[in-house]
1. Looking at Arg75, is it touching a Ser or Thr at 6+ places or on another chain (Cβ under 6 Å), closer than 30 Å to Lys147 by Cβ and either of a type in the set (Phe, Trp, Tyr) or at pLDDT 95 or above (or both)?
2. Within the range 86-135, can you find the residues that are hydrophobic (A, V, I, L, M, F, W, C) and within 30 Å of Gln57 (Cα to Cα)?
3. Determine which single condition Leu225 fails, assuming it passes every other condition in (1) touching a residue at least 40 places away in the same chain (Cβ under 8 Å); (2) over 19 Å from Gly130 (Cβ atoms); (3) surrounded by fewer than 18 Cβ atoms within 10 Å (Cβ to Cβ).
4. Identify, by number, the condition in (1) surrounded by 15 or more Cβ atoms within 10 Å (Cβ to Cβ); (2) closer than 26 Å to Asp82 by Cα that Asn154 doesn't meet.
5. Of the residues Leu169, Leu144, which is within 17 Å of the chain's Cα centre (by Cα) and over 14 Å from Phe207 (Cβ atoms)?
6. Hey, can you tell me all the residues within the range 135-144 that are surrounded by fewer than 18 Cβ atoms within 10 Å (Cβ to Cβ) and not in a loop (DSSP other than H, G, I, E, B)?
7. With the condition kept exactly as written, say whether any residue in the range 157-179 is closer than 25 Å to Thr217 by Cα, buried (at least 17 other Cβ atoms within 10 Å of the Cβ) and outside the structural domain of Val71 (by TED's automatic domain parsing).
8. Enumerate the helices (runs of 4 or more DSSP H) found wholly within the range 145-255, keeping only those where 3 or more residues are at pLDDT 95 or above and closer than 23 Å to Glu53 by Cα.
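The values are calculated or read from the model by the stated rules, or taken from the named source; none is laboratory data. Everything numeric here is computed off the predicted structure, so don't read it as measured data. Neighbour counts run over all protein chains shown; Cβ positions are idealised from the backbone, glycine included.
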Amino acid sequence: MFLRNIVISLSLLSAVSGHASAPDQELIIVRGDENYPPYEYTENNQLTGFHIELVKQAAKEIQITPVFKSVPWKRALSMIEDGTADAITFITKTTVRERFSLFLEENRLSKSYSGFIALTGHHLSKRYDGTLASIEDLNIGVQLGFKYGNAFDNASNIRKIELSSADKLYSTLYAKRIDLAIVSQNEFLEHQSLGKAQGIEFLKPAFSEFTNYLAFTKAKDMSGLALRFANAFKRFRQTKAYRALVKKYHIPENQ
C-alpha cells in the first residue's frame, strides 16, 4: 500500500508539471450544485450535459479521469482559490477570478447570454430598453456569487438583492419582493419548458454575452495540464463527434 501511494503521488506530480500522466490520474473539478441544462444538469441521478461530455472527451484523450463535485457556487470558487480543487467548470472570466484561476482561450466551453426577467405584463417589462439607465433605482435579484459583467456588477444606481439559488430568484419575483431578476437566457428557457416560469418573461434584448470556461487553480502549478486540455479541446472541435455533441444538446454551432 505504501509503495502504491508513492506511485500515485509521482503520477500526479508528473501530470501537473505537464509531463505524461498515468491513465487513472484523477482531476477534481468543482461546479455549482444546481441544474443548468443543456450544459450541466442531473438526469437519473447522473451528472450530464454539453460541458460534462466535452470535458470528459478531452480528459479521455489525455488519460485523465475527471471527478466532478457539485457544491454551492461560492464554495466552488473558494476551492479553486485555495487549491482544494484542481479546476472549475462553467466559469466566466473576470479580473478578480484571474488572480486565482488560469483561463486559456481553447478551454472555453460555451457562450451564454444573461438578461432580465419580469412578471408578464408588468409595467417594468415595458420600461427596459436594453440599458441599465432604464431600470435604475429598481430592486434586481441576483444569484449569490455570480458575475454579470462589469457594467452591471459595478452599477451603483441599482439595488442588487442576493439570493441563494435560481429557484429563489423566481420565487422572490413571484412574491413581488424584487422588481426584476437577472438570469441566463438558457436557464430561463429551461425553467419555461418545465413550467417553472409561467407568468414570467425574458426581456429583450439580452443584456450581456459571456464565454464559459474550464479554468484551473493557480494555487498549484496546473499550467502544463491546462495546456494539454486546451490542445485536446482544439482537436476535438474539428471532429464529427464534436458536431454530433453540439447537435445532441442543441447548442448554437458558432460556440
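1. Details: touching a Ser or Thr at 6+ places or on another chain (Cβ under 6 Å): no; closer than 30 Å to Lys147 by Cβ: yes; either of a type in the set (Phe, Trp, Tyr) or at pLDDT 95 or above (or both): yes.
For Arg75, the condition - touching a Ser or Thr at 6+ places or on another chain (Cβ under 6 Å), closer than 30 Å to Lys147 by Cβ and either of a type in the set (Phe, Trp, Tyr) or at pLDDT 95 or above (or both) - is not met.
2. First, pick out the residues of the range 86-135 that are hydrophobic (A, V, I, L, M, F, W, C): 87-88, 90-91, 96, 100, 102-104, 109, 116-119, 124, 132-133, 135.
Matches in the range 86-135: Ala87, Ile88, Phe90, Ile91, Val96, Phe100, Leu102, Phe103, Leu104, Leu109.
3. (3)
4. If we test Asn154 against (1) surrounded by 15 or more Cβ atoms within 10 Å (Cβ to Cβ); (2) closer than 26 Å to Asp82 by Cα, just (1) comes out false.
5. Working: Leu169 fails: within 17 Å of the chain's Cα centre (by Cα).
After applying the criteria, what remains is Leu144.
6. The answer is Asn139, and nothing else.
7. So in the range 157-179, the residues closer than 25 Å to Thr217 by Cα come out as 164-165.
Subsequent filtering for residues that are buried (at least 17 other Cβ atoms within 10 Å of the Cβ) retains none.
The answer is no, given that none of the residues of the range 157-179 is closer than 25 Å to Thr217 by Cα, buried (at least 17 other Cβ atoms within 10 Å of the Cβ) and outside the structural domain of Val71 (by TED's automatic domain parsing).
8. 223-236, 240-248
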